[in-house]
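Okay, handing you the structure first.
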Amino acid sequence: MMQNLILEKSDGAPSAVEASNTDFALGVGDFSYGDLYRPERLRALAETFYAELESADAPLHRELAQHLAARGRNLAGTKQESELLIAAAPHLSRFVARLFRVEMERAAQIAAVCGQDAVFQLKVFVARRALKKFPVAQALTINAEQARAALMLLRRAAFADTLADDDELGISRLTVRLLAWEQHLVKGMAATSDQTVAAQDAELSHDVKAALIRVNKSEAGAALAEFADKSVADADLAFVRAALRVLEAWAAAHAVQPGAKRHVRGWVSFRLPHPLDYERLVQIERPRAELPELLHGLDQNLRRRDGFALTDPRATKREVLDEVDYCLYCHERDKDSCSKGLRERDGTVKRNPLGITLEGCPLDEKISEMHVLKKAGDSIAALALVIIDNPMCPGTGHRICNDCMKSCIFQKQEPVNIPQAETGVLTDVLELPSGFEIYSLLTRWNPLNAKRPYALPYNGKNVLVVGLGPAGYTLAHYLLNEGFGVVGIDGLKIERLDKSLTGDGGRLVPRAVRD
């Protein structure tokens with residue numbers, strides 16, 4: 001990250017191999033890879049982005065220009081700043097994707113994220129419909145095996161296209177489709193002058209009838225008959241309601257019955273937030289009734305030390321999206337306490353029952369805004385907003401701090417796991433081709449950062465940073481972007497990296513990392 005580190009300079013020109021790795025053409029204008037390490041070219045690249053933004057959305061460009069001219073002071077911490085950055089970030093994301101020629105990979109990543117939306121609709125279905133139709137006492141009496149068998153027959157007969165998905169996503173897509181059919185049939189074929197709406201209604205009716213025919217020709221017909229609502233006269237609606245009844249029974253049983261829960265273990269759609277009990281934050285069990293003072297943690301929470309190997313596997317992509325979906329996006333109401341902290345009526349910082357002050361993220365990271373962009377699948381845009389306040393985010397994430405979680409708006413139930421979401425956003429960008437280069441560029445060139453949109457040229461002054469923990473290397477980063485030369489030292493031995501990885505502070509820039 002310390003590309004301007006002044007340790008030694010080379011008077012010779014780069015070799016042919018070095019030049020091929022550091023001076024290839026990029027996808028915007030006449031910029032080359034080597035330009036990304038030259039401050040004067042970073043300024044030109046920012047001006048190119050601003051010109052393209054003005055052409056695409058003049059009012060947005062004008063508002064961003066005012067924000068930049070004020071160095072962010074005009075909107076700092078306001079809803080208007082959040083809305084401005086959220087609107088501008090996708091433009092920056094598309095620009096960066098074109099710069100590194102990863103437009104197709106970015107589009108595929110967005111499509112993959114949006115394709116998971118059905119999972120969170122199933123989660124709502126489980127909590128707000130299934131468990132209300134079948135309260136706990138009743139859910140415990142459901143024949144879970146029968147409900148699961150009926151659901152699988154229904155899926156194979158009428159929703160065979162979902163069989164290519166994993167079970168959670170496939171059943172989620174099935175649920176979303178049934179709910180849309182139910183809504184359509186209940187409201188009826190309303191007369192409309194909108195040809196698009198009429199065509200959609202006709203398509204839904206065709207889909208319902210086709211599904212009903214397939215079910216009646218299969219074993220699923222008899223299975224659904226067990227769940228039929230005899231009070232519904234319309235055949236299509238009766239079929240849809242029976243199918244939804246199967247889903248309700250299956251979901252309630254698998255949410256409540258211990259034996260059935262193993263079939264949905266790890267499904268985020270069945271993971272409901274639990275209340276916070278500050279007297280019992282650590283889960284324990286007492287294995288021997290005659291020895292109540294004997295206690296230990298739950299086996300599933302055990303994580304053994306394995307030398308220097310990482311023992312905390314990060315959240316899966318779906319688990320990250322579950323945290324993002326759980327967030328209330330509080331910046332819209334200026335209640336984003338995860339970033340700004342929680343206050344008493346007199347303005348003092350609140351404390352939780354453990355006496356911990358709830359000051360929020362010490363970096364004032366734009367967390368809620370990050371979640372909005374991640375929810376839309378645009379990880380580059382989300383990372384760009386993170387880097388405004390937390391450029392060294394690889395050093396934070398889920399392994400370092402959780403002040404944001406402590407100050408989450410959910411104070412009486414499980415908070416949003418924001419560090420896992422941040423790690424997920426960074427990981428998704430790093431998984432793109434040239435993902436490291438995208439991250440690296442955004443740390444020294446971020447045209448949405450009103451305080452320092454691009455790194456300044458060397459100002460002739462050098463600084464020694466003593467101690468390269470999180471504070472030291474972050475300070476070094478900011479000094480470099482302000483034009484200082486930086487040398488860092490630490491008590492631990494620091495091995496010199498090959499010049500191909502670091503550049504030489506002169507004509508040779510770091511070798512590009514594609515994967």
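Examine region 16-39 for a residue that is of a type in the set (A, V, I, L, M), at pLDDT below 95, surrounded by fewer than 18 Cβ atoms within 10 Å (Cβ to Cβ) and part of a loop (DSSP other than H, G, I, E, B), and state whether such a residue exists.
no
Moving on to the next point. Take region 132-157 and flag every residue that is assigned to a helix (DSSP H, G or I) and surrounded by fewer than 19 Cβ atoms within 10 Å (Cβ to Cβ).
Initially, region 132-157 is screened for residues assigned to a helix (DSSP H, G or I), giving 132-133, 136-139, 144-157.
Matches in region 132-157: Lys132, Lys133, Val136, Ala137, Gln138, Glu145, Gln146, Arg148, Ala149, Met152, Arg156.
Separate question: Of everything in region 224-260, what is over 19 Å from Met152 (Cα atoms) and basic (Lys, Arg)? Give them in sequence order.
Listed by number, the list holds a single entry, Lys230.
Another one. Among the residues of region 393-408, how many are at pLDDT below 95 and in a loop (DSSP other than H, G, I, E, B)?
Of the residues in that region, 4 qualify.
Say we look at region 60-72 and pick out the residues that are touching a residue at least 40 places away in the same chain (Cβ under 8 Å) and either of a type in the set (S, T, N, Q) or assigned to a loop (DSSP other than H, G, I, E, B) (or both); which of these is least open to solvent (accessible area, probe 1.4 Å)?
Going through the qualifying residues, I end up with Gly72.
Which condition number in (1) at pLDDT below 95; (2) under 16 Å from Leu42 (Cα atoms) is the one that Trp445 fails?
If we test Trp445 against (1) at pLDDT below 95; (2) under 16 Å from Leu42 (Cα atoms), just (1) comes out false.
Mind listing just one residue for me: the one in region 118-131 that is touching a residue at least 12 places away in the same chain (Cβ under 8 Å) and of a type in the set (D, E, K, R) and, of those, most open to solvent (accessible area, probe 1.4 Å)?
By that ranking, first place goes to Arg129.
Only one of (1) open to solvent by less than 40 Å² (accessible area, probe 1.4 Å); (2) within 30 Å of Gly27 (Cα to Cα); (3) in contact (Cβ under 8 Å) with a residue 60 or more places away in the chain fails for Leu84. Which number is that?
Only one criterion is unmet by Leu84, namely (3).
Which helices (runs of 4 or more DSSP H) does region 270-377 wholly contain that include 1 or more residues that are in contact with a Gly (Cβ under 9 Å, 6 or more places away or on another chain), farther than 27 Å from Ala112 by Cβ and open to solvent by less than 50 Å² (accessible area, probe 1.4 Å)?
Output list reads 337-340.
Test Arg214 against the criterion of being basic (Lys, Arg), open to solvent by less than 90 Å² (accessible area, probe 1.4 Å) and modelled with pLDDT of 85 or more, and give yes or no.
Considered against the rule, which asks whether it is basic (Lys, Arg), open to solvent by less than 90 Å² (accessible area, probe 1.4 Å) and modelled with pLDDT of 85 or more, Arg214 comes out as no.
Given the criteria at pLDDT below 90, open to solvent by 60 Å² or more (accessible area, probe 1.4 Å), within 20 Å of Ala251 (Cβ to Cβ) and not aliphatic (A, V, I, L, M), does Glu219 qualify? Full working, then the answer.
Details: at pLDDT below 90: yes; open to solvent by 60 Å² or more (accessible area, probe 1.4 Å): yes; within 20 Å of Ala251 (Cβ to Cβ): no; not aliphatic (A, V, I, L, M): yes.
Criteria not met by Glu219.
Just checking, which of Leu385, Leu363, Leu354 is at pLDDT below 95 and within 21 Å of Arg71 (Cβ to Cβ)?
Values: Leu385 fails: at pLDDT below 95; Leu354 fails: within 21 Å of Arg71 (Cβ to Cβ).
Step by step, each of Leu385, Leu363, Leu354 is checked, and only Leu363 is at pLDDT below 95 and within 21 Å of Arg71 (Cβ to Cβ).
The values are calculated or read from the model by the stated rules, or taken from the named source; none is laboratory data. Because the structure is a prediction, the values reported are computed rather than measured. For neighbour counting, all protein chains shown are included, and Cβ atoms are generated from backbone atoms with ideal geometry for every residue, glycine included. With ligands, DNA and RNA removed, areas are computed over all heavy atoms of the protein, side chains included. Shrake-Rupley method; radii C 1.70, N 1.55, O 1.52, S 1.80 Å.
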